[in-house]
Each structure stands twice: as C-alpha cells, then as structure tokens.
1. Could you list all residues from the range 101-125 that are in a loop (DSSP other than H, G, I, E, B) and either more than 25 Å from Arg190 (Cβ to Cβ) or among the small types (Gly, Ala, Ser) (or both)?
2. Is one or more of the residues making up the range 83-91 farther than 30 Å from Arg160 by Cβ, in a helix (DSSP H, G or I), free of Cβ contacts under 8 Å to residues at least 12 places away in the same chain and in the same structural domain as Glu120 (by TED's automatic domain parsing)?
3. Being in contact (Cβ under 8 Å) with a residue 12 or more places away in the chain and out of contact with any helix residue (DSSP H, G or I) (no Cβ under 9 Å at 6 or more places or on another chain) is true for just one of Asp127, Asp60, Asp145, Asp79. Which residue is that?
4. Show me the strands (runs of 3 or more DSSP E) entirely contained within the range 128-232 in which 3 or more residues are crowded, with 19+ Cβ neighbours inside 10 Å.
5. Every residue in the range 1-50 that is farther than 22 Å from Ser153 by Cα, in contact (Cβ under 8 Å) with a residue 12 or more places away in the chain and part of a loop (DSSP other than H, G, I, E, B), please.
Amino acid sequence: MLRYASYLEVIGSEVARILDLVADGRDDLIADCAPWRVSELVAHLVELCSEWNLQLQNADDLHYLSAPRELRRLVSPNDLERETDQLLMMLERVGEEAPCWNWTGEDLQAIWVARRVAVEMTLHRCDLERARGAYPEIDDVMGIDGIDERLESLLPVSLRANPTATTRGSICFVAHPAGRAWNVSPERGRLRLRDGRGPAAVVLEGGVGALLQFLWNRIDLDAFVVTGNREVALAWRSLPCP
C-alpha cells in the first residue's frame with residue numbers, strides 16, 4: 001500500500017481530471033465500462049462517494065450501509081464534486097485506521113477505502129479519456145499499487161465466490177520499465193500468486209498503466225508483447241470483476 005495521504009491526493013487529482021473531461025456535457029457511450037454513458041458513469045461515482053461517506057461516518061466495520069435513496073438521484077458533475085469533497089474531508093477527519101466495512105472482510109479500515117476509491121477514480125478517468133479518443137496515462141507508482149490491489153485483495157475474494165472461474169493456465173504479467181512481475185494462476189476458487197517472473201503458460205509484457213487496465217478488462221492484448229498461449233491470456237476476461 002501507499003501512504004494514506006497519497007491516496008487522498010490521487011482521489012482529488014483524478015476527480016478534477018474527470019470533471020474537466022465531462023465539462024462539455026457530451027453524453028458519449030463508454031464502451032469499455034459496463035457499457036455506460038458519461039452521465040451514468042458520473043452517477044456511479046456520485047453513489048460510490050456517498051456510500052463510502054456513510055460507511056466511514058458510522059464507523060461500522062461489520063455491516064454494509066446503503067446510501068439513502070435521495071443520494072442515488074444525484075447525478076450531475078456538481079454532485080460529484082460535492083460528494084468527493086465530503087469524502088476527502090471524511091477520510092482526513094477519521095484517519096487511516098478508522099474502522100470501516102468492505103466486501104473482502106479484510107483490512108477493515110479507512111485506508112482500504114482510500115485505496116479502492118483512488119484506483120477506481122483512476123480507472124474511470126481512463127475510461128473517459130478512451131471514450132474521447134485519448135490515450136490514458138497512469139503514474140507507475142499508483143499503477144503498481146492498483147495491480148497489487150486487484151491481485152492480492154480483490155480477485156481472491158471474487159474467485160472464492162466463483163469456484164469454476166479459471167484461465168486454464170498460468171499468466172505472468174511483466175511491467176516495464178518498473179521491473180515488477182506477477183505470476184498468477186486462478187483455479188478452483190483460489191488464486192495462486194507469486195511475485196516475480198517464472199514459468200507460465202503465457203507472458204504479457206507492457207507498461208504499468210496498460211497492465212492495470214487489462215487486469216480490469218479495459219483493453220485487449222494489442223498493448224502487450226505476448227509470449228505463449230494467447231488463449232490463456234484471453235480467458236482473463238472470463239474471471240469475475242467486482
């Protein structure tokens with residue numbers, strides 16, 4: 001994990017970029033995300049922030065608390081700016097060790113929320129940029145942390161709930177120029193994860209930001225140097241995505 005303050009900085013900067021991207025009012029289709037239109041993505045982010053605000057405010061690490069129905073009707077960029085500001089203030093006020101529920105059942109603290117929101121805001125900013133025809137860029141440090149979150153925290157939980165999900169072979173993800181690598185094999189409801197390079201059915205080599213987006217089913221194999229069984233790599237999209 002990164003420093004708590006770093007996640008808050010990322011949330012603030014990514015939301016600012018999102019607000020710039022939606023300021024023209026165009027309601028384009030975002031093909032790589034659900035698919036949603038821009039307005040639907042904004043509404044999703046408003047609900048995301050409002051629900052975590054509620055969870056943190058109640059300091060409850062045992063139960064999920066759904067946001068009031070009236071908050072779910074807030075869908076404008078102004079709503080997103082306000083709800084994000086409130087979430088950042090709440091995260092600053094409670095501190096990184098404050099108790100807070102999350103669906104993994106692990107790391108039940110505010111820092112988990114800060115990390116999750118930072119990664120999600122980054123991914124959705126990239127979704128908007130791709131919809132506008134731009135090539136998204138992701139900071140390597142944040143990208144590496146987002147990859148770790150997906151593989152170490154979120155995917156194992158999803159696989160336990162979907163025991164038949166598999167890629168039918170191991171995948172080695174290699175990040176350039178960061179020098180990090182992850183060897184993964186999802187099967188029988190669990191994820192075998194080893195840090196570093198090693199024998200695998202297929203190896204994907206590419207930039208940190210591209211790898212993070214691939215792990216969240218945003219881009220295809222064209223962004224990578226692929227060595228080995230491409231069918232195993234293509235099967236990644238069949239894995240559950242929270």
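The values are calculated or read from the model by the stated rules, or taken from the named source; none is laboratory data. Just so we're clear, the structure is a prediction, and the values are computed from it rather than from any experiment. Cβ atoms come from the backbone with ideal geometry, glycine included; neighbour counts cover every protein chain shown.
1. Gly105
2. There is at least one residue in the range 83-91 that is farther than 30 Å from Arg160 by Cβ, in a helix (DSSP H, G or I), free of Cβ contacts under 8 Å to residues at least 12 places away in the same chain and in the same structural domain as Glu120 (by TED's automatic domain parsing).
3. Asp60
4. 171-176, 181-187, 202-207
5. Within the range 1-50, Ala23, Arg26, Asp27, Asp28, Ala31, Asp32 qualify.
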